[in-house]
1. Please work out the C-alpha center-to-center distance from region 151-224 to region 278-336 and express it in whole Å.
2. On average, how much accessible surface per residue is there in the chain, in Å², for a 1.4 Å probe, leaving out ligands, DNA and RNA?
3. Under Stokes-Einstein, with the Kirkwood radius over Cα pairs standing in for Rh, what whole-number D in µm²/s applies to region 1-80 at 4 °C and 1.567 mPa s?
4. Beyond a 25 Å Cα-Cα separation, which of these cross-linked pairs lie in this structure: K132/K219; K117/K242; K369/K433; K161/K474; K291/K433; K369/K474?
5. Given H placed on each backbone N at 1.01 Å, which residues far from S21 in sequence or on other chains put an amide H within less than 5 Å of it?
6. Which of rounded, prolate or oblate describes region 142-294 when judged by the alpha-carbon gyration tensor and an a/c cut-off of 1.5?
7. Using Cα-Cα distances under 8 Å and only pairs 6 or more residues apart, what relative contact order does the chain have, in percent?
8. I'd like to compare 269-276, 41-48: which one has the highest average count of other Cβ atoms within 10 Å, and what's the full order after that?
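The values are calculated or read from the model by the stated rules, or taken from the named source; none is laboratory data. None of these values were measured; they are calculated from a predicted model. Using ideal geometry, Cβ is built from the backbone for each residue, glycine included, and neighbour counts are taken over all protein chains shown. Heavy atoms of the whole protein, side chains included, go into the accessibility calculation; ligands, DNA and RNA do not. Shrake-Rupley method; radii C 1.70, N 1.55, O 1.52, S 1.80 Å.
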Amino acid sequence: MNMDKEAGPRYVIGIDFGTASGRAVLVDVRDGRELAWHVTPYPHGVMEDELIGCGIRLGPEWALQHPGDYVEVLRQSVPAVVREAGVSSGQVIGIGVDFTSCTMLPVDEAGTPLLLKEEYRREPHAFVKLWKHHAAQGEADLINAVAAERGEAFLSRYGGKISSEWMVPKGLQVLREAPEVYAAADRFVEAADWIVFWMTGEMKRSSGCAGYKALWHSKEGYPSAAFYRALDPRFERFAETKLRGEIAPLGRAAGRLTGEAAAVMGLHPGIPVAPGMIDAHAAVPGVGATKPGQMVLSMGTSLCHLLLSDKELAVEGICGVARDGIIPGLYAYEAGQAAVGDLFGWYVQQAVPAYVERVADNEGVTVHKWLERRASRLRPGEHGLMALDWWNGNRSVLVNANLSGLIIGLTLQSKPEEIYRALLEATAFGTRKVIEAFETAGVEVRELFACGGLPGKNRLLMQIFADVTGREIKIAASTQTPALGAAMLGAVAAGSHCGGYDRIEEAAERMVRVQEETYRPNPAYRAVYDLLYREYTELHDLFGRGGREAMARLKRLQREAAAAGGQRDPEMPEQGGGRAKGNERR
Ligand SMILES: Nc1ncnc2c1ncn2[C@@H]1O[C@H](COP(=O)(O)OP(=O)(O)O)[C@@H](O)[C@H]1O
Ligand SMILES: O=C(CO)[C@@H](O)[C@@H](O)COP(=O)(O)O
């Protein structure tokens, strides 16, 4: 592409593919100003109960998506931001994308998703398995047991356990439950890589997705064939065949926009496209974190903790660590909580009494806002409740999707706003556990930044996080931080010769701001929260480490009942994290 053709300022587009929707943001390369953004809800949403359109029931813990929805985001949101910003498409010099992960799908030799072929339209295993598809826990347990028995060195890079959310358990589940889909799949790819392929025609694997979610290491590559064979002889060549593909490092273009993709997106062909980045990782440059000791809390449906460090140490229950994983020259650690916004969303959609909805409606506020206002009037400890935030299992530090939610202290006097506050607090306690795991291992946490949808939605939540962790929390100025981070990668993919930047640190310096207002811990609340945290820890250890298997047994009974045909009533409304619109309304 000849960038001299168009005079004037240069722009980049960042596209963030979240759990329920995708959004594009158009950013000025010179100063990071966001000129326009646009959200496209996924038409199929998250399929948790049945395959939309054909009524095929899914088992417990399934979560699927349709790849056509991602293309819809490109078709709608990209032209929308160019139009709204009033810029010429010729001034767009780079594109970056970030995606939830591990969100994976089987494709054929041509890169076409298997579910688009007639014979697989009704086959759940041919669909995209979303990051929160937890039905591969049995496979994850097997992988962990086999890896520990064989003394696989990679385990320590992943906090000692692999999560059911990742590529290998999901691939193994396909092999065991739908061997014909496994055989028909030329490869399994991350959705982040597939959408870059759709735009550029280049099927490359982003180093972040491969490194954090598919057990790849820049020096050691994937685990050995012997390891995969020990899992299942049919799985021996999994990495060599189904995961094959060039690894695309950060900081360079993965490819250039094809004519066909450009026509759909209303852009010029030839624009450099950066390799896809994990959404929470894109938030790190997006808030301007580039130094050791800086931790970014990417707070949305889930919460991802990203910590930069100059040391590599073994930390309990992290999701992964990689040198150069996000910022060149530094180790980037990832940990996480699998339900945060989704937990609050579940409560609002599934458990608040009808009167709350009525009153909130009368007052002209959402149920979340009403509960937040009421809960703000309570002092720490006043509700007498304690919750374990494991509604979607525990990602860090216990790495166990068989764990589930819990509230104790309920009485006939318990009020909805009290329960809501206990849920907010539980997620903050969960984050304190993660911070302590890093510090116990000797990895310093100096500064906290928060970004994602939640800081702008719920002030009480942010204050509770500051009070419970005892730390100041700086809030990203951008409400679209992962998309901004992705746009910055687009600027780096373009490079300075095209009006972008050569290094991500340089892009961060020029394109990022944090808000002046921060959340500071309230000293009067700190002492009570320390006491409450002790209670949280006692419950956490009792159910998470203490050999109490009640939660796992209940899930087993649930699976057995589902297998015997007693699945959920199709007339019941969808659960939290389902289709975007229902979720946003309340
Ligand atoms: N006022 C609110 N307080 C707390 N959580 C909220 C509020 N409004 C929406 N949520 C939750 O926020 C989540 C969406 O967060 P967001 O960052 O926008 O999405 P994503 O994680 O998909 O990028 C949903 O799980 C929703 O239940
Ligand atoms: O697991 C990761 C990142 O590693 C996320 O993609 C996943 O938690 C989903 O993030 P969101 O909460 O949808 O932003």
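1. Result: 20 Å between the Cα centres.
2. Here the residues of the chain average 38 Å² of exposed surface.
3. On the way: Rh = 14.8 Å.
Rounded, D is 88 µm²/s.
4. Details: K132/K219 29 Å; K117/K242 19 Å; K369/K433 27 Å; K161/K474 31 Å; K291/K433 22 Å; K369/K474 22 Å.
Where the Cα-Cα span goes over 25 Å, the pairs concerned are K132/K219; K369/K433; K161/K474.
5. Result for S21 returns Y42.
6. oblate
7. Relative contact order here is 18 percent.
8. Taking the mean over residues of other Cβ atoms within 10 Å, the ranking is 269-276, 41-48.
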